[in-house]
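Below is one structure, written out as C-alpha cells, with a few remarks after it.
Where a number appears in this text, it was derived from the coordinates with a stated rule and is not lab data. This structure is a prediction, so every number in the text was calculated from the model and none was measured. Note that each Cβ is placed from the backbone with ideal geometry, even for glycine, and that neighbours are counted across all protein chains shown.
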Amino acid sequence: MKDLQLQQRRWLSEQLKARGRGARSALANHLGIRTDAISRMTNLDGAKENREISLAELIGMAEFFEDEPPGLKEARSKAKDIRDRTEAKITRVPLLDTVPAGKLAAPMSQLPIDQVPLLAFADLGRGDFIALTVRGDSMDRISPESSTIIVNKADRTLVSNKAYVFCDRGEVTFKLWKPDPPRLAPLSTNPVHEPRYLKTKAEAERMVVGRVKRSFLDL
C-alpha cells in the first residue's frame, strides 16, 4: 500500500471515529456509495480487501468533514494541469460554408461569423482554421460529398499533390495543386472532372485560401 493511500485511510478512520455512531452511513450517503465501500476504504490490513479513494470522493470527504484529506491539494493541482493541457490542444473551428469539389462556384451561404457553428478538434497544431462542407464529387477519393474539410488559412504555401481551397473572384473550389504544368487537379472516381490549367504558379498563389489539414465524414 502506498504511503499516501495509507495516510488517507488513517485520516478517514480518525474522522469517522471523531464523528461517532452513524458517521459511516452518513458519509456513504453523502458520497453516493455503499457503506461497505467506506469500510474497505478504511481497511489498513493489506491482506484484506480494500478500496482506493478517488479524487471525487476525497473532495466529497473534505466537504463532509470540513477538513482536507492528505494529498487532496496536490491531486487537484495535478487534475487541473491535465485538464489545462487537454483544453490547450482543442481547437474550435467555425463551420463557415460549403465548398464545391467541382467547378469554381460561389459559396451557398453568407452567415455572419458570430452565427456559425463551432467544431472542436484535437491536435490541429498552430494555424488559422475554418471548416467547410464539401459539395460535389471531384475530390471524392479523399473527401466524399458532404464530408467536412478543415482548412488552414495560415498555410498558403503551395506544395505539389497537396489539397487546397482556392478562390477566384469570389468563387471557390477544392482541388489538388499540381505544378507541372500548373493546374488545379481533381482526385475523383468520376472521370468527367478535368483539371483547370493556369498560366503560372503565381496565378495559383493569388487564388489560394489555405491548405486542407483534415477531412472527415460522419456516418
I want to check the label-to-label distance for residue 162 and residue 217. Put each point 7 Å from Cα in the C-beta direction and report it in nm to one decimal.
2.4
Specify the residue with the greatest mean-square fluctuation among 137, 81, 45, computed from a Gaussian network of the chain linking alpha-carbon atoms under 10 Å apart.
45
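Compute the relative contact order of the chain as a whole-number percentage, counting only Cα pairs closer than 8 Å that sit 6 or more residues apart in sequence.
Details: 376 pairs, mean separation 33.3, N = 219.
Across the chain, relative contact order equals 15 percent.
Please state the relative contact order of the range 1-97 as a whole percent: Cα pairs under 8 Å, 6+ residues apart?
26
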Candidates 194, 14, 171, ranked by Gaussian network fluctuation over the chain, Cα under 10 Å, top entry
14
log10 I(q)/I(0), Debye, Cα-only the range 6-63, no solvent, q = 0.13, 0.24 Å⁻¹?
-0.28, -1.02
Quick one: among 23, 120, 202, which has the greatest mean-square fluctuation in a GNM of the chain with alpha-carbon springs under 10 angstrom?
23
For the chain, build the charge dipole from Cβ charges (+1 Lys, Arg; -1 Asp, Glu) around the Cα centre, then report which of 30, 204, 149 sits farthest towards its positive end.
204
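Tell me whether the chain comes out rounded, prolate or oblate; compute the Cα gyration tensor, take square roots of the eigenvalues as a ≥ b ≥ c, and use a/c under 1.5 as the rounded threshold.
Working: a/c = 3.92, a/b = 3.78, b/c = 1.04.
Cα axes put the chain in the prolate bin.
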Under the 7 Å Cα-to-Cβ spin-label approximation, residue 194 and residue 80 lie apart by a distance in nanometres of 6.4
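Provide 76, 211 in ascending order of the number of other Cβ atoms located within 10 Å of each residue's Cβ, fewest first.
On the way: 76 15, 211 21.
With the fewest neighbours first, 76, 211 line up as 76, 211.
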How high is the relative contact order of the range 131-219, in percent, with contacts defined as C-alpha pairs under 8 Å that are six or more residues apart?
37
Rank these for me by crowding, 53, 82, going from fewest to most other beta carbons within 10 Å.
82, 53
